[in-house]
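A short worksheet on the structure shown next.
The values are calculated or read from the model by the stated rules, or taken from the named source; none is laboratory data. The shown structure was predicted, so the numbers you read here are calculated from the model rather than taken from an experiment. Here the Cβ positions follow ideal geometry from the backbone for every residue, glycine too, while neighbour counts run over all protein chains shown. We work out accessible area using only protein heavy atoms, side chains counted, and drop any ligands, DNA or RNA first. Shrake-Rupley method; radii C 1.70, N 1.55, O 1.52, S 1.80 Å.
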Amino acid sequence: MTHLSNRAESTRRHWMEVLERYHEDRSEPVSDQYWSDKDTWSRERIRSVQDKKIAAVVPFLYENSAFYRRRFDRLGLAPTDIVSVDDLVARWPVVDKTEMMADVTANPPYGTYTTCGEAEWADRGWMLFSSSGSTGVPRVFRYTHFDRKLWEQANARALHSGGLRRGDSAFPMVGFGPHVFAWGVQYTLAKMTMPVIPGGGMDGKARAGIIERFRPTVLVCTPSYALYLGRVMQEMGQDPAKTSVRTIVTGGEPFSGVKGTLERIQDLWGAKTLEFYGCTEASPHCGGYSCPEYQAGDEPYIHLMEDIQVWETVDPDSLAPVAENERGLTVCTNLTSESSPQLRFLVGDYTRLSLEPCSCGRNHVRAMGCMTGRADDLVNLRGIKFFPVQVEEAVRAVPGTGDEFQIRLGTDDAGLDVMTVLVEHTETSAGERVADEIRSRCEIRCAVEVLAPDTLPKTEMKAKRVFDERDKG
């Protein structure tokens, strides 16, 4: 046991030394354009650093995570078999949520897939986060203060890229539960020495009053809440586009790849809206982010930080890697964490990856069209598969529809699965136009029920759009 303990400690020490080697402790950017020179690294340098990190993290995981040790042994692999990105992609099958759920069920409450044990938690524990649990057992992750300082720099690169500067003040409007997005931004704003107005525990009217009185320039919230709060302000006789707000940092839901939603938020607020993309398991800090050019072309996109992560896309059925610019599911290897450096975790969002350099000067891979639907959200109705974001695009395409909508799945008296979409509009005839748009995008016929404006419950945080009430028998 002592020998194993020594190996666990030595591999942890080496991994943390490698992370420190590439860590910058910045409170100010290197230039007006970039928080870090890493943003403009060459493709060759990015790959070189990825390989060095993989060579250090693989033995660390083997010695410090029972989940990974079991997986290596089951696959007949030794840590020395994976020392580069090429080795990782060729020899290591993707890890999906079901494996983690099985692990945490067998080893409650934390599972064995993280490398923050009781000793690390007691010595330098920072904060516990949890997945939403919307697709099964919630996965819990404990992170250390060593992780926190790595997060701060990754998030600062993203926020600076989006245009946040000295003189801005931020208003985070979140519940501050055990979800990573808001906490990561909160600590990063402090690192950037940017003033913050705490916004937890308030209703929409109170937050509207804060904006009017204290004039923050940056909002931090989900896309759904940005729409909700804007409508609350309009009902109060205020115009969101005439407030002090110039930037909205959004996370928790896909939005910039959903045609119509990005435009609706920006028109409502007269403010630039940024994407802050990640996941609890493998990209708890910012993984994907907006640059100054992300809306300049035919489709929006986000950058992915490759010096701290390896990003891939895979075929949804075979899980084999797909070619550049081919649509697939996102896979992330996290190379910037003491507590959760996962290998090839299937995040599961659809996108296309492009290595073409961006006019902003950043050489890191771009997710074209941003993220357009998580595989977990796929709806199968009578053999036809589609994503809720496709329905959202259809709703947004009809002028005058409200911000809220619902997808209701049920089973009729004949035993046939059916779908009804609830929308808000002043004209009942709008239902036919919405149905036509849905049929065009999803190739499915459905009923559309038109309700009066302000009938559906307002989404205050993360939106729930799909209500599956089908007979499963």
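Values computed for the structure shown
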{"item": "The lone exception for Ser84 - which of (1) open to solvent by less than 50 Å² (accessible area, probe 1.4 Å); (2) touching a His at 6+ places or on another chain (Cβ under 6 Å) it fails", "result": "(2)"}
{"item": "Members of the range 243-262 that are assigned to a loop (DSSP other than H, G, I, E, B) and under 30 Å from Thr336 (Cα atoms)", "result": "Gly251, Gly252, Glu253, Pro254, Phe255, Ser256, Gly257, Val258"}
{"item": "Given (1) without any contact (Cβ under 8 Å) to a residue 60 or more places away in the chain; (2) touching a helix residue (DSSP H, G or I) at 6+ places or on another chain (Cβ under 8 Å); (3) crowded, with 16+ Cβ neighbours inside 10 Å; (4) outside any loop (DSSP other than H, G, I, E, B), index of the condition Ala156 fails", "result": "(1)"}
{"item": "All positions within the range 75-114 that are in a loop (DSSP other than H, G, I, E, B), over 29 Å from Arg45 (Cα atoms) and β-branched (Val, Ile, Thr)", "result": "Thr112"}
{"item": "Residues of the range 216-242 satisfying the condition of being without any contact (Cβ under 8 Å) to a residue 60 or more places away in the chain, part of a helix (DSSP H, G or I) and open to solvent by 20 Å² or more (accessible area, probe 1.4 Å)", "result": "Gln234, Glu235, Ala241, Lys242"}
{"item": "Identity of the residue in the range 263-295, in a helix (DSSP H, G or I) and open to solvent by less than 10 Å² (accessible area, probe 1.4 Å), that ends up farthest from Gln238 (Cα to Cα)", "result": "Ile265"}
{"item": "Verdict on Phe72 being surrounded by 15 or more Cβ atoms within 10 Å (Cβ to Cβ), in a helix (DSSP H, G or I) and in contact (Cβ under 8 Å) with a residue 12 or more places away in the chain", "result": "no"}
{"item": "Whichever residue in the range 444-457 is open to solvent by 70 Å² or more (accessible area, probe 1.4 Å) and either small (Gly, Ala, Ser) or modelled with pLDDT under 90 (or both) and, among such residues, is farthest from Val220 (Cα to Cα)", "result": "Arg445"}
{"item": "Candidates Asp413, Asp403, filtered to the one that is open to solvent by less than 20 Å² (accessible area, probe 1.4 Å) and either over 30 Å from Ala296 (Cβ atoms) or charged (D, E, K, R) (or both)", "result": "Asp403"}
{"item": "Unique match (being in contact (Cβ under 8 Å) with a residue 12 or more places away in the chain, open to solvent by 10 Å² or more (accessible area, probe 1.4 Å) and not aromatic (Phe, Trp, Tyr)) among Gly252, Gly162, Gly199", "result": "Gly252"}
